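Single-structure report; data block below.
The values are calculated or read from the model by the stated rules, or taken from the named source; none is laboratory data. Given the structure is predicted, the values throughout are model-derived calculations rather than measurements. Ideal geometry is used to build each Cβ from the backbone, glycine not excepted, and the neighbour counts take in all protein chains shown. Surface areas here come from the heavy atoms of the whole protein model, side chains and all, with no ligands, DNA or RNA. Shrake-Rupley method; radii C 1.70, N 1.55, O 1.52, S 1.80 Å.
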Amino acid sequence: TKRGTLSESGRLLYSQFRKKINAEAAKAQVKKLEYNLADVTSGLAAIKNGCADGNALELGGVCVLPCFVKNSAAILGFPRKCRLIACIGAPHGGDETAIKVKAVKRAVKEGADEVEVTAPIAHIRDGNFSYVKREFKKLRSACKKQALRIDLECPLLTKQEILKISALAADCGVNSVKTSSGVYQGGNEIEIISDIKSAVKDRCTIKAEGVATVLEMSSALEMGASVIGSKNAAAVARAILASNDV
């Protein structure tokens with residue numbers, strides 16, 4: 001062959017190499033998706049289907065209510081291809097800290113790989129940040145070796161409150177903070193992600209919740225999110241894999 005050109009076998013090898021790289025990149029994107037099954041209308045049948053999709057697609061995780069942690073752990077099995085996240089205190093975080101702590105410990109005992117707890121919104125709105133700080137520290141301790149994420153419920157807070165709580169969570173050793181779908185007081189979810197990233201200074205990761213399409217996922221990742229939560233996670237994952245012939 002002429003210099004700078006590939007033989008037929010060389011082109012085939014290059015094509016296979018590119019396909020492998022694309023497949024690996026697609027799977028890495030799918031790993032950033034968490035399937036939101038933490039809905040009061042999601043019964044055990046929906047949980048079973050969601051966990052099956054989580055394993056089959058090798059999603060980053062499935063998010064369930066505390067009452068389904070034990071069932072989900074059994075369905076996902078060990079070793080897991082998909083993490084199990086217990087969602088506690090939704091949607092307003094109004095339970096007392098002691099109740100949240102007990103729920104966290106039980107979720108961990110029943111097999112949760114990570115715990116996602118809603119911040120105490122009422123205390124944040126009241127400016128009682130010392131309460132919030134104490135709660136975050138107690139939750140971090142209750143999780144032991146498992147990861148702790150704090151759900152900020154952005155639509156219920158101002159931008160200033162969101163950024164203050166994000167920084168406080170990072171100070172307390174929280175592993176991740178989560179935005180929530182919808183409009184907060186002063187902007188939308190995608191806009192706030194980059195501001196949160198500046199506030200936490202890479203001390204914790206950011207989960208963007210409410211993504212419904214591959215395009216929305218791409219936008220959230222570009223703004224600084226590293227985890228994507230979606231009720232449409234299985235469909236988004238399939239679209240990513242299909243576009244890369246995986």
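Structure values in brief
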item: Residues located in region 144-169, provided they are under 19 Å from VAL104 (Cα atoms) and in a helix (DSSP H, G or I); result: ALA169
item: Residue that is of a type outside the set (A, V, I, L, M, F, W, C), surrounded by fewer than 23 Cβ atoms within 10 Å (Cβ to Cβ) and touching a residue at least 12 places away in the same chain (Cβ under 8 Å), where the choices are GLU153, GLU116, GLU110; result: GLU110
item: THR41, sole failed condition from (1) assigned to a loop (DSSP other than H, G, I, E, B); (2) crowded, with 24+ Cβ neighbours inside 10 Å; (3) hydroxyl-bearing (Ser, Thr, Tyr); result: (2)
item: Filter result (open to solvent by 20 Å² or more (accessible area, probe 1.4 Å) and assigned to a helix (DSSP H, G or I)) within region 119-138; result: ALA122, HIS123, ARG125, PHE129, SER130, TYR131, LYS133, ARG134, LYS137, LYS138
item: Search result, residues across region 227-246 that are of a type in the set (S, T, N, Q), open to solvent by 10 Å² or more (accessible area, probe 1.4 Å) and under 13 Å from GLU34 (Cα atoms); result: ASN232
item: One residue from ALA90, ALA86 being modelled with pLDDT of 95 or more, open to solvent by less than 70 Å² (accessible area, probe 1.4 Å) and either basic (Lys, Arg) or under 17 Å from TYR35 (Cβ atoms) (or both); result: ALA86
item: Unique residue being open to solvent by less than 50 Å² (accessible area, probe 1.4 Å), closer than 26 Å to ARG83 by Cβ and at pLDDT 95 or above when the list is GLY224, GLY182, GLY173, GLY210; result: GLY173
item: Given (1) buried (at least 24 other Cβ atoms within 10 Å of the Cβ); (2) in a helix (DSSP H, G or I), index of the condition SER141 fails; result: (1)
item: Cross-chain or 6+ apart pairs with Cβ under 8 Å, region 192-210 first and touching a residue at least 40 places away in the same chain (Cβ under 8 Å), then in a helix (DSSP H, G or I) and acidic (Asp, Glu); result: GLU209/GLU189
item: Enumeration of residues in region 191-246 that are assigned to a helix (DSSP H, G or I) and of a type in the set (S, T, N, Q); result: SER194, SER198, SER218, SER219, SER243
item: Selection within region 93-107 - in a helix (DSSP H, G or I) and open to solvent by 40 Å² or more (accessible area, probe 1.4 Å); result: ALA98, ILE99, LYS102, LYS105, ARG106
item: Subset of region 47-74 [open to solvent by 40 Å² or more (accessible area, probe 1.4 Å) and either among the aliphatic types (A, V, I, L, M) or assigned to a loop (DSSP other than H, G, I, E, B) (or both)]; result: ALA52, ALA56, GLU58, ALA74
